[in-house]
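The values are calculated or read from the model by the stated rules, or taken from the named source; none is laboratory data. This structure is a prediction, so every number in the text was calculated from the model and none was measured. We place every Cβ from the backbone using ideal geometry, glycine too, and count neighbours over all the protein chains shown. Each accessible area value is taken on the protein alone, full model and side chains, heavy atoms only, with ligands, DNA and RNA left out. Shrake-Rupley method; radii C 1.70, N 1.55, O 1.52, S 1.80 Å.
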Amino acid sequence: ITCDGPLAFEHDRQVATFEHNVHVRDRQGDLYSDRLVAYLDNANRTMTYAEAIGRVRIVQGSHTATSRRAVYEPAKHKVTLLG
């Protein structure tokens, strides 16, 4: 996950918030948004799920989908578009 910043991390809640030109790279494709809130599992050192907010764009090869919000579940290789 990359962003132009800022990046905030709430250690007690295990939540990371990425802002401005967020880009998530996945084997299945790329997700872009204005903001991404990632919910982490400290025990497994993984991201449980993330909410992408604002100008969401998902690119898989020559296919592109857009929405206002999306929920990304990496373990399931699933993205749910909302709005």
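Candidates in the range 1-24 are the residues that are closer than 12 Å to Tyr72 by Cβ and at pLDDT below 90; of these, the one that is most open to solvent (accessible area, probe 1.4 Å) is Ile1. So how many residues does the range 28-45 have that are in a strand (DSSP E or B) and either open to solvent by 40 Å² or more (accessible area, probe 1.4 Å) or out of contact with any Cys (no Cβ under 9 Å at 6 or more places or on another chain) (or both)? Residues flagged as in a strand (DSSP E or B) and either open to solvent by 40 Å² or more (accessible area, probe 1.4 Å) or out of contact with any Cys (no Cβ under 9 Å at 6 or more places or on another chain) (or both) within the range 28-45 amount to 12. Residue under question is Val71, and the condition is that it be under 15 Å from Asp30 (Cβ atoms), assigned to a strand (DSSP E or B), open to solvent by less than 70 Å² (accessible area, probe 1.4 Å) and β-branched (Val, Ile, Thr); does it hold? So Val71 fails the test.
Assess whether Thr48 counts as being within 16 Å of Val15 (Cβ to Cβ), in a strand (DSSP E or B) and open to solvent by 50 Å² or more (accessible area, probe 1.4 Å). For Thr48, the condition - within 16 Å of Val15 (Cβ to Cβ), in a strand (DSSP E or B) and open to solvent by 50 Å² or more (accessible area, probe 1.4 Å) - is met.
Restricting the first member to the range 58-83 and to residues that are more than 17 Å from Asp34 (Cα to Cα) and modelled with pLDDT under 90, and the second to residues that are part of a loop (DSSP other than H, G, I, E, B) and open to solvent by 90 Å² or more (accessible area, probe 1.4 Å), the beta-carbon pairs closer than 9 Å and six or more apart or on different chains are His77/Arg27; His77/Gln28. Taking the condition in contact with a Phe, Trp or Tyr (Cβ under 9 Å, 6 or more places away or on another chain) and either open to solvent by 40 Å² or more (accessible area, probe 1.4 Å) or assigned to a loop (DSSP other than H, G, I, E, B) (or both), does Val59 pass? No; evaluated as a whole, the condition is false for this residue.
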